[in-house]
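One structure below.
The values are calculated or read from the model by the stated rules, or taken from the named source; none is laboratory data. Keep in mind the model is a prediction, meaning the values are calculated, not measured. We place every Cβ from the backbone using ideal geometry, glycine too, and count neighbours over all the protein chains shown.
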Amino acid sequence: MKRIFVILTLIASPLFGADSPRVYVSFEGATPATITPGKPADVELHFKVKEGFHVNSNQPKSELLIPTTLKLEPPTDLATGSIIYPPGKDLSFPFDPSEKLSVYSDDFTVTAKMSAAKAAGTGNFTVHGQLRYQACSDNACFPPKSISVQFDVQVVNQPKRAHGTTPQSPHIK
Amino acid sequence: MKGNAVAIVVVTLVVAVMIFAGVKSSRGPKVSPMIGDAQPISSTDAKGKQAPDFALQDLQGKQVKLSDFRGKAVLLNFWATFCGPCKVEMPWLVELQKQYGPQGLEIVGVALDDSGKETIAKFAKEMGVNYTILQGQDAVGDAYGAVGLPATYYIDRRGKIIDSALGLVSRSEIENNIKKSLTESKSEAETANNRGKAAS
């Protein structure tokens, strides 16, 4: 039995190796977010660019360059509003010191505005998405890639106002 | 008995994964641009191997095969419009095509780019490209192990890869490899000629 497993593992492993994706950006998680129905909230998503590489920012300086973009697919009761990308760093690279590119390197954070429908139930909702990027090193570039993004958002009830009670004046003792 | 059941489950799972991997890796159009049965190579150990033949369309829509250039030294350059380092070496390739074209050099640029024929053509025109540009397909890049861009392969007159480079290298390194491919190809051709004469 053990022998069969070893043989099958040996057969299968080159397949994974042959198609193993080269990953230049990793998703490091999202800042825990709590949303009250009707009140949009910011969710910060953190990414890390592999050392020695850079990716174009969301606003590269040429239309030929492929921008970094985030697409989210929230569950039915949630909605995504605007997505705010950080400004790129203007850097030049050894392959062309005369040209500055707008890039992300090291860590960068993308902010997504999210809201919950008024009728949304409370609890944890999982949001899926994809970050598309195109990476380069100091002397080579790599085809565009997408990485999956997944994070949880907690929907809570709006605190109810107490009815029938008059707010007390701070002057009344 | 229990062991056999576990083995069947494991075999079924592995076969399912293998089918999935096969489907996933079969990117690109259904008609493969690859010709013949040349084995895929990797950019790091391409030296000495036969260059896999392929057929791709040029910017005028004409089908061009790598083997059409047999008898010439070919510099096969994978590039893309989004690739900064590729842009740096293009003017060098233009000059080198002018300089070594009369000696039998043919530079062939394969654009691994999703931006479309018009964008590629406009870019090539702006860069003053005077060599053949082909619209690439992933299968061709995969066959050459071109994991990054630029990826350059120096092919002799008989279709054998004499050297390769992944990423931007210096102009002098490109030129040295061109000289090497032209000289080696020439001496091989002369040796073959001499052998032919001696035999007759």
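General remarks:
- Hits in the range B:129-166 - residues which are within 14 Å of chain A (Cβ to nearest Cβ), under 21 Å from A:Ser62 (Cα atoms) and not in a strand (DSSP E or B): B:Gly148, B:Pro150
- Check on B:Phe54, under 13 Å from B:Gly159 (Cβ atoms) and of a type in the set (Phe, Trp, Tyr): yes
- Tally, over the range B:30-64, of residues that are outside any loop (DSSP other than H, G, I, E, B), touching a helix residue (DSSP H, G or I) at 6+ places or on another chain (Cβ under 8 Å) and more than 13 Å from B:Val140 (Cα to Cα): 0
- Scanning the range B:31-58 for residues that are farther than 17 Å from B:Asn77 by Cα and aliphatic (A, V, I, L, M) returns B:Val31, B:Ile35, B:Ala38.
- Selection within the range A:56-76: residues that are surrounded by 18 or more Cβ atoms within 10 Å (Cβ to Cβ) and away from chain B (no Cβ under 14 Å). The member of this set that is nearest to A:Thr36 (Cα to Cα) is A:Pro74.
- The range A:102-142 - residue that is of a type in the set (Phe, Trp, Tyr) and away from chain B (no Cβ under 14 Å) and, of those, surrounded by the fewest Cβ atoms within 10 Å (Cβ to Cβ): A:Phe125
- So A:Ser98, is it loosely packed, with under 13 Cβ neighbours inside 10 Å, closer than 30 Å to B:Ala165 by Cβ, of a type in the set (Gly, Ala, Ser) and free of Cβ contacts under 8 Å to residues at least 24 places away in the same chain: yes
- Check on A:Lys145, basic (Lys, Arg) and within 14 Å of another protein chain (Cβ to nearest Cβ): yes
- For the range B:79-128, filtered to residues that are part of a helix (DSSP H, G or I) and among the small types (Gly, Ala, Ser), the residue that is nearest to the other protein chains (Cβ to nearest Cβ) is B:Gly84.
- Matching residues, the range B:52-70, being in contact with a Gly (Cβ under 8 Å, 6 or more places away or on another chain) and at pLDDT 95 or above: B:Pro52, B:Asp53, B:Leu56, B:Leu66, B:Ser67
- Looking across A:Phe125, A:Phe47, one residue alone is over 28 Å from B:Ser115 (Cβ atoms), part of a strand (DSSP E or B) and either under 19 Å from the mean Cα position of the chain (by Cα) or among the charged types (D, E, K, R) (or both). It is A:Phe125.
- When the range B:115-133 is limited to residues that are loosely packed, with under 13 Cβ neighbours inside 10 Å and of a type in the set (D, E, K, R), the one that is farthest from B:Glu95 (Cα to Cα) turns out to be B:Glu118.
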